[in-house]
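Colleague: Got a structure for you, questions after.
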Amino acid sequence: MKSTLHVLSTCAVLVLALLLATPAMAADKPFYQGKTLRLVIDFSAGGPTDIECRIYARHLKKHLKGDPTIVVMSKPGGGGTLAMNWIYERARRNGTVMGCQTASGRYQEWFVGDPKSVGLRANMEEIIPVMFTPVVSVGVVSTKLDPPYKQLGDLKKAKNLTVGGFRADSSKDLKFRALFDLASVKYKYVTGYQGSAGLLSAFLRDEINYVDGSTPFYLTRVKPIAVDKGEASPLWYGSDENIPAIAPGVPARDFVKQLSGKDPEGPLWQLFQILSSYRQILAPPGVPQAAVDAMRTAFASMSKDPEFLAEYKKTVGIEPQMLTTPKGIENAMKPWTTAGDEMKQFRLKYVEQGRKQAGSK
Amino acid sequence: MLEAAHQALLGILSWPAFGYLLLGVGLGVFFGMVPGLSGLSGMAILLPFTFDLGPYEAMALLMGMYAITSTADTISSVLLGVPGTAGSQATIMDGYPLAKKGEAARAFGAAYTVSAFGGVVGAVLLVLSIPILSPLVLSFGAPEFFLLGVLGMAMVGALSGNAPAKGILVGLFALQLSMMGYSPQDGIPRYWFNTPYLLEGLPIVPCVLGLFSLPEVVELAVRRGTLAEVPEMGKGMWDGVRDALRNWWLALRCAVIGAYVGFIPGLGASIVDWVAYGHAVQSNKDPEAEFGKGEIRGVIAPESANNAMKGGSLIPTIAFGVPGSATMAILLGAFLIHGIYPGPELLSTRLDVTFSVIWALVIANIITAVVLMGCTNQLAKVTTIRGSLIIPIILVLVFMGSWMATQDLGDWVVLVSAGALGYLMKRWGWPRPPIALGIVLGPIMERYLDIAVSRYGWSWVWQRPIVIILILVTLATVFYATRSQSRQQQAE
Amino acid sequence: MATPRIREHYVESLFILLLAVIFAAAVFTARGWPWKTALFPMLIGVAGCIIAAALALWTGVKGGEAPTPGDTGGAADIFLDVNLRSGEALVRTAVIALWILGIIAGTWLLGQMIALPLFVFLYLKLGSGESWPISVGLTVCIIAFLYGVFDQVIHASWYEGELWRALGIEMF
């Protein structure tokens, strides 16, 4: 009995402490005042999407009026589909829940693919795009090819180029396949890896000798571990502008041009452009416009904050090109929304071809 | 190297950093003790607070917390039969029966001693192994990882009960259960019975809590009375410490197992306690030892291993930037945010940061063991509180722990279904550990099997030496278990 | 403690057969899938089906390897030391099972921030006949724990409760 009392009194003290520690809540003018904003991340903790979103979350507090509590929640699974469905079906539609995602693949699946086949139930036309930041991906090849890789031209001579990807229908895989096919590079295609960590370890143990990922993946992990030691070399990156930090890699267009001798064109190149990727803030349908506006204003002001920019540059490696106006976002979405049925059929056929190539059919 | 170690030690022991280490330890005890919360939730919650700290302070806080969740999780494993984190599932096998015998304090004494010991051994191995381990880790490809999974299943299936065939059968059943949801290769939904909840696969935590904890709750409710089945307390904490010292050789072996299993990406943390437990059962020569009924060696083995695993799991993260678990992925995020890149840099110019991580591991482990030993006798009294007060608390913990899986009512349906299964299996004497392990390992094994086949065809089965060794070890394990069982039956 | 388990032995054999059927069904379902998707299910399903069938046969021939009374049923499993043959024990098992199901039903209706404390209180006061101070005290502790840890620190998302949803009340 004595111990029971002891336990109870300890609990009582804890209760008091917790009640006192809880900040008093008040509802007033700015939309987010006294509220908690949950940002739902669609890939696992520690990955590039997660790292970038956590930088946003950390700086957003300063710029979002009303000083809300900002909470980051991970809902990884199904290549981002789980989080998208959750936001569409389950998330509260009052502005307190938004996605911080790399959902470009979901948009592509919806407009230029077969959403059912991947279990995507969220209607992407109803989802409210709040903010987009382009993601630049970088392709890297091991120098231990046969014959050894020294310069871009060697890629076509390689007998054992083995390329690692996630799944034949993932936009990451489609993207490098489109590029290699445009440049007529021959390769063996292996699927099934999970996340950038799975690809990187397979790359380091020579199970695969090509890997790609976004700039933070390249600059913070592949570069110090492999490129700086001369064991790997960047090939291409998904931007039209020169990025000296990724030399000797070249913009994707130049990569194709240097290898095939002509400017890339045709449906495959169009597909490559559709596959561009963004970090996005997305809101479920029906969220009050005031919430969307508050978030856009906050991101616009954040994109000018030197403290944020410094941290972003340090981790992501490039300047953020945030799109915070409806016009800008609409332009970014144009390749998807205007692709049409022909492109859709082409993409689906290309996915099937990839499955065959990976030995799945 | 010595200079870097010295500088890092001073850094960790200097004021704000040491304060953060203590704070981390306090939080680690909490996250470890409460079922369903773990080092992973702790890392995710603490990470944002480290942004404004210096690297030493940040490492002190994060590692102080991470290092010792596997010491503190012993508390709920022993007292309530509910694994505090995934790392102490095996501890309940003998820890909880000890509590029922009124020897909770003894279990704690032994567990804390070997936890601190294992943690320190793991940290030392981390230092010694970095240069040797790089080539070893890289010699393991997809085929080897697949077979490590097979070996883990065979070990736990065959050794965790005295019916190897049943153990392997339920292990296979669990692997089959783990295939629910989208297939990893083509994204085709499998075995989902038109239930969207199942599309993402079975969540692990509700399964484990259901299998192991709900049957205990039912039993306690039926038996009434207290957790401890005997009126007076048996052997105390110092007996446990003596047990630990007497079994130092077992603790050392398990620490080494822990550290080296821990570095296997994706596999280590989830199986290390079972592998150590299996080793303790297999290597046991004492005919009087009754594993599963409160044998102290059944507590020593997993508790030494799961703390040593913490050091081992840091190896791939630090050396290659390849995090082996979600927890390590967050730690990697913390490194990156502080401008520290994994790989050569952490082993050369920023060696001091690596050492600050190692010192934090060592110091946190020792502090935690001493502090928890101080309150052991108070904690052990929980076993004398009557069951009717304990049951609602356990149930709330178990339900909330499961809720954290996907925060869907489906988690609770899984919990209760697993509870019903666990209850029946317990009654019929079927081993439950293979179920928990199969659900964890299934997706990992399938992924590696696929990669192996699509990368190497089928030639990997006979062309890779490590694969052949692993196949032989697996066969030997099954053979050993079957033979010792038939001997046992002949003896009866 | 010496309880013969004659009838349960048959149930157990049936359980093994059920496992064999599940494995067979899993293999059957997998037959139309692309081979990479079907590879692991087939591999595990066929192996499981064979072992289960063999074990069921073995159990039948040998009269079963049902654990003898007092057997732990495996070194690594906890001994169930409750004599369930007596009617009283069965009733108690049913009662605790109902409490557990009640938590789920209550949460579905009211959300767990209400259902869990309510369960704790009812279990203590009605289920076990504890005194008022203990029942209320423990319930308050549970509320504080749920609110402080899971809501304020971890920011778990709560189940809203169908009742409140139907009434259009925003509770959590």
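The values are calculated or read from the model by the stated rules, or taken from the named source; none is laboratory data. Here the structure is a predicted model, which is why all the values come from computation and not from measurement. Here Cβ is always computed from backbone atoms with ideal geometry, including for glycine, and neighbour counts include all displayed protein chains. Just so you know, the surface numbers come from the protein's heavy atoms only, side chains and all, with ligands and any DNA or RNA stripped out. Shrake-Rupley method; radii C 1.70, N 1.55, O 1.52, S 1.80 Å.
Colleague: Kindly rank A:258-266, B:465-473, A:293-301 from highest to lowest mean number of other beta carbons found within 10 Å of each residue.
Modeller: Order by mean packing, descending: A:293-301, B:465-473, A:258-266.
Colleague: Next question. Please check: in the Gaussian network model of chain A (C-alpha springs, under 10 Å), which one of A:241, A:207, A:231 has the largest mean-square fluctuation.
Modeller: Top of the fluctuation ranking is A:241.
Colleague: Give me the angle, in degrees from 0 to 90, between the Cα long axis of helix A:48-63 and the longest principal axis of the Cα atoms of chain A, rounded to the nearest 10.
Modeller: The angle comes out near 40 degrees.
Colleague: Given a 1.4 angstrom probe, I'd like the percentage of the accessible area of the range C:6-62 that is carbon and sulfur, rounded to a whole number.
Modeller: With neighbouring chains kept in place, the figure for the range C:6-62 is 81 percent.
Colleague: Report residue A:257's accessible area, 1.4 Å probe, all protein chains in place, as a number in Å² to the nearest 10.
Modeller: Estimated to the nearest 10 Å², residue A:257 gives 100 Å².
Colleague: Taking Cα pairs under 8 Å and at least six residues apart, what relative contact order does the range C:87-167 come out at, in percent?
Modeller: Here the relative contact order equals 38 percent.
Colleague: Further question on the same structure: At a cut-off of 50 Å², which residues of the range A:320-361 become less accessible once all protein chains are present than in their chain alone, using a 1.4 Å probe?
Modeller: Listed by number, the residues meeting the 50 Å² cut-off are A:360.
Colleague: Which whole-number percentage describes the relative contact order of the range C:6-62, with Cα contacts under 8 Å and a sequence gap of 6 or more?
Modeller: Relative contact order, the range C:6-62: 47 percent.
Colleague: At 1.4 Å probe size, with no ligands or nucleic acids counted, give the accessible surface of residue A:309 in Å², nearest ten.
Modeller: Number for this one is 50 Å².
Colleague: Here's a follow-up. I'd like to check one number: the per residue accessible area of the range B:2-491, probe 1.4 Å, reported in Å² as a whole number.
Modeller: Roughly 30 Å² per residue, with all protein chains present.
Colleague: Around residue A:232, which amide H atoms from residues at least 5 apart in sequence, or from another chain, sit under 5 Å from its own amide H, with H modelled in the peptide plane?
Modeller: A:143, A:227
Colleague: To the nearest 10 degrees, how steeply does helix A:326-337 sit against the main Cα axis of chain A, on a 0 to 90 scale?
Modeller: Once rounded, one gets 50 degrees.
Colleague: On to the next question. Ignoring ligands and nucleic acids, what accessible area does residue B:18 show with a 1.4 Å probe (Å², nearest 10)?
Modeller: 50 Å²
Colleague: Related question: Would you kindly calculate the mean projected area, averaged across all directions, of the convex hull enclosing the Cα atoms of the range B:204-294, in square nanometres?
Modeller: Over all viewing directions, the range B:204-294 projects a mean Cα-hull area of 8.2 nm².
Colleague: Another question, then. Here are some pairs, A:62/A:313; A:75/C:125; A:65/A:175; which of them have Cα atoms lying more than 29 Å apart in this structure?
Modeller: Over 29 Å apart, Cα to Cα: A:75/C:125; A:65/A:175.
Colleague: Residue by residue through B:398-410, how many Cβ atoms from other chains fall within 10 Å of the Cβ on average?
Modeller: Mean inter-chain Cβ contacts per residue within 10 Å come to 4.
Colleague: Now for a separate question. By per-residue mean of other Cβ atoms within 10 Å, what is the highest-first order of A:125-136, A:94-105, B:187-198, B:148-159?
Modeller: B:148-159, A:94-105, A:125-136, B:187-198
Colleague: Please state the relative contact order of the range B:271-327 as a whole percent: Cα pairs under 8 Å, 6+ residues apart?
Modeller: Once divided by the residue count of the range B:271-327, the mean separation gives 35 percent.
Colleague: Just counting partner chain Cβ atoms within 10 Å, what average do the residues of peptide B:280-291 show around their Cβ?
Modeller: The shielding value for this peptide is 1.
Colleague: What do you get for Rg/Rh over the protein assembly as shown if you use C-alpha atoms and the Kirkwood form of Rh?
Modeller: Dividing the radius of gyration by the Kirkwood radius yields 0.95.
Colleague: If you don't mind, another one. Please report the carbon-and-sulfur percent of the accessible area for the range B:335-408; probe 1.4 Å, protein heavy atoms only, DNA, RNA and ligands left out.
Modeller: Carbon with sulfur: 67 percent of the solvent-accessible area.
Colleague: Nearest 10 degrees is fine. How inclined is helix A:289-302 to the longest principal axis of chain A, computing both from alpha carbons?
Modeller: Its long axis makes an angle of about 70 degrees.
Colleague: Among rounded, prolate and oblate, which fits the range C:87-167 when a ≥ b ≥ c are the square roots of the eigenvalues of its C-alpha gyration tensor, a/c under 1.5 means rounded, and a/b larger than b/c means prolate?
Modeller: Oblate, because a/c is 1.5 or more while a/b does not exceed b/c.
Colleague: Something else now. Shape of the range A:135-243 from its Cα gyration tensor (a ≥ b ≥ c, root eigenvalues): rounded if a/c is under 1.5, otherwise prolate when a/b > b/c, or oblate?
Modeller: Rounded is the answer for the range A:135-243, as its axis ratio a/c remains below 1.5.
Colleague: Same structure again: Rounded to whole Å and sorted largest first, list the principal axis extents of the Cα atoms in chain A.
Modeller: That gives 77, 50, 44 Å along the principal axes, largest extent first.
Colleague: Considering only protein heavy atoms, what per residue accessible area in square angstrom results for the range C:6-62 with a 1.4 angstrom probe?
Modeller: 53 Å²
Colleague: Is there a pair in A:159/A:344; B:310/B:426; B:166/B:293; B:235/B:426; A:172/A:349; A:223/A:304 whose C-alpha atoms are over 23 Å apart, and which pairs would that be?
Modeller: Those over the limit are A:159/A:344; B:310/B:426; B:235/B:426; A:223/A:304.
Colleague: Is the shape of chain B best called rounded, prolate or oblate, per the rule: a/c under 1.5 gives rounded, else a/b larger than b/c gives prolate, else oblate, with a ≥ b ≥ c the square roots of the Cα gyration tensor eigenvalues?
Modeller: Cα axes put chain B in the rounded bin.
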